[in-house]
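Single-structure report; data block below.
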Amino acid sequence: MKFQFLSKTLFFPPQGILAVGDLHLGYDYMIQQSGVLIPERQVEEIISELKEIFNKIKLERQELKKIIFIGDIKHSFAYEWKEKNYFNRVLDFLKENFSEENIILIKGNHDTIDYTFDKRLVDYQIEKDIAFFHGDKFFPEVFDKKIKTIVMGHIHPSIILSDKQGIKKERFKCFLVGKFKKKEAIILPSFLSTIEGFPINNYDEEYGNFFSIIPKKDLMNFGVYIVGDDKVYEFNKIKKLKFN
């Protein structure tokens, strides 16, 4: 098995690598600051979900060697002391499970400040023929001819599903898998549980062509894999799942 979807994460069993999408640590705190009373449980939820995923990998007798966060680890564009505390709490948990060199932190557009002590944020990570990056910027190294698979986040893909009458509508986080510049491209949903993300079957030109390095015409041919409560479900291509 080349890769598998585990909840909102992507696991590469042969390499023992787990990729995690946008955390946006501090998002709940930002909502609180705007006057909305919501519980402060983002860090606890992240750690709890990651523990479940780690345990599932262990139960399947697979080895987890490295974890890669593909950008937008933090949320605020400015310095926030609470956000830094959240970051350190998650990092401390990760250090209980991985050596520091096997915790890879990729810089996203929200990661304007590096909260790590030794300035460890990187623009991309290449593991043999797999390249991991955020997806807001183009890096030539990521599209080198030796790279077969690219893994990114950034656009927070979700899908809106409705009944035949269009009365009941629900939004679900999803993975997107397709081809871009002759590479297999996999886009991860955000790991942030507070919001589902941006509905890619309502992905218009205004949003799409300036926000992602992958143009809309390419993205519409990507397959959709919806994150359910029990497993990830394969659906059709985006262009066949238009929102009514």
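The values are calculated or read from the model by the stated rules, or taken from the named source; none is laboratory data. Just so it is clear, the structure is predicted and the values come from calculations on it, not from any experiment. Cβ placement follows ideal geometry from the backbone for every residue including glycine, while neighbour counts extend to all protein chains displayed. The area values use the complete protein model at the heavy-atom level, side chains included, leaving out ligands, DNA and RNA. Shrake-Rupley method; radii C 1.70, N 1.55, O 1.52, S 1.80 Å.
How about the stretch 1-71: which GluC sites (Glu not before Pro) there lie in a loop by DSSP and see at most 12 other Cβ atoms within 10 Å?
Of the GluC sites (Glu not before Pro), the ones in loops of the stretch 1-71 whose Cβ has at most 12 other Cβ atoms within 10 Å are 40, 60, 63.
Rounded, prolate or oblate: which fits the stretch 77-216 when a ≥ b ≥ c are the square roots of the eigenvalues of the alpha-carbon gyration tensor, with rounded for a/c under 1.5 and prolate only if a/b beats b/c?
oblate
With 29 Å as the cut-off, how large is the P(r) tail for the chain, expressed as percent of Cα-Cα pairs?
Cα-Cα pairs in the chain separated by more than 29 Å: 27 percent.
Report the residue, chosen from 41, 120, 171, that carries the largest GNM mean-square fluctuation when the chain is represented by alpha-carbon nodes joined by springs under 10 Å.
Comparing 41, 120, 171 in the GNM, the peak value goes to 41.
Could you size up the charge dipole of the chain around its Cα centre, putting +1 on the beta carbon of Lys and Arg and -1 on that of Asp and Glu, and report it in debye to the nearest 20?
Dipole size: approximately 1040 debye.
Run the simple label-point estimate for residue 88 and residue 161 please: 7 Å along Cα→C-beta, distance reported in nm.
4.3 nm
With a Cα-only, solvent-free Debye model of the stretch 19-144, what are the log10 I(q)/I(0) values at q = 0.11, 0.21, 0.22 Å⁻¹?
Ignoring solvent entirely, the Cα scatterers give -0.41, -1.30, -1.38.
Roughly what would the spin-label model give for residue 56 and residue 179, points 7 Å off Cα along C-beta, in nm?
Simple spin-label model gives 3.0 nm for this pair.
Anyone know which of 140, 157, 14 comes out most mobile in the 10 Å Cα GNM of the chain?
Judging by the Gaussian network model, the answer is 140.
Quick one: order 194, 149 from most to least accessible surface, probe 1.4 Å.
Most to least solvent-accessible, the answer reads 194, 149.
Please give the FRET efficiency for residue 148 paired with residue 198, using the beta carbon to beta carbon distance and R0 = 25 Å, rounded to the nearest 0.05.
After rounding to 0.05, the efficiency reads 0.35.
Non-local amide H neighbours of residue 64 (under 5 Å, H modeled in plane, Pro and chain starts lacking H): which ones?
Distant-sequence amide H within range of residue 64: zero hits.
Hey, in the GNM for the chain with a 10 angstrom Cα cutoff, which one of 124, 225, 233 fluctuates hardest?
Answer for the Gaussian network model of the chain: 233.
If each residue of separation counts as 0.36 nm, what is the full-extension length gain between residue 63 and residue 169 once their alpha-carbon separation is subtracted?
Result: 34.3 nm gained on full extension.
Rounded to a whole number, what is D in µm²/s for the stretch 1-71 from Stokes-Einstein with the Kirkwood radius over alpha-carbon pairs (20 °C, 1.002 mPa s)?
Result for D is 158 µm²/s.
If you take every DSSP beta bridge whose two residues both sit in the chain, what share of them, in percent to the nearest 5, is antiparallel?
Within the chain, antiparallel bridges account for around 60 percent of the total.
Of the options 121, 73, 135, report the single residue whose Cα projects farthest towards the positive end of the charge dipole of the chain (beta-carbon charges: Lys, Arg +1; Asp, Glu -1).
Most positive-ward Cα: 135.
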